[in-house]
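Notes follow once the structure below has been shown.
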């Protein structure tokens, strides 16, 4: 079996509204947890309690994700501003 090699360059990664996407997903997980909370007894008696805790875990991990993507976004913007400042022509000092 021959080793697979790429025939073309890989495309640039797509950058979208990452912070908004992660925040929306976190809110969705937490809302799902709150919606299921009144049915705790039913979930417990039918051995589906893990549904409730999965939603809570998704919301908790989403909070970590929000922290991470906000830091990442700030670092990307900081690097872009630094690169722009370095490439800008400088005026001679008098």
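Readers should treat all values here as calculations from the given coordinates under stated rules, not as data from a laboratory. Note that the structure is a prediction, hence the values are computed from the model and not measured. Quick reminder, even Gly has a Cβ in these numbers, built from the backbone with ideal geometry, and neighbours come from all protein chains shown.
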Tell me whether region 42-56 contains one or more residues that are within 30 Å of residue 14 (Cβ to Cβ) and out of contact with any strand residue (DSSP E or B) (no Cβ under 8 Å at 6 or more places or on another chain). yes
Give me the helices (runs of 4 or more DSSP H) completely within the chain, filtered to those with at least 3 residues that are surrounded by 13 or more Cβ atoms within 10 Å (Cβ to Cβ), ordered by residue number. 18-36, 49-87
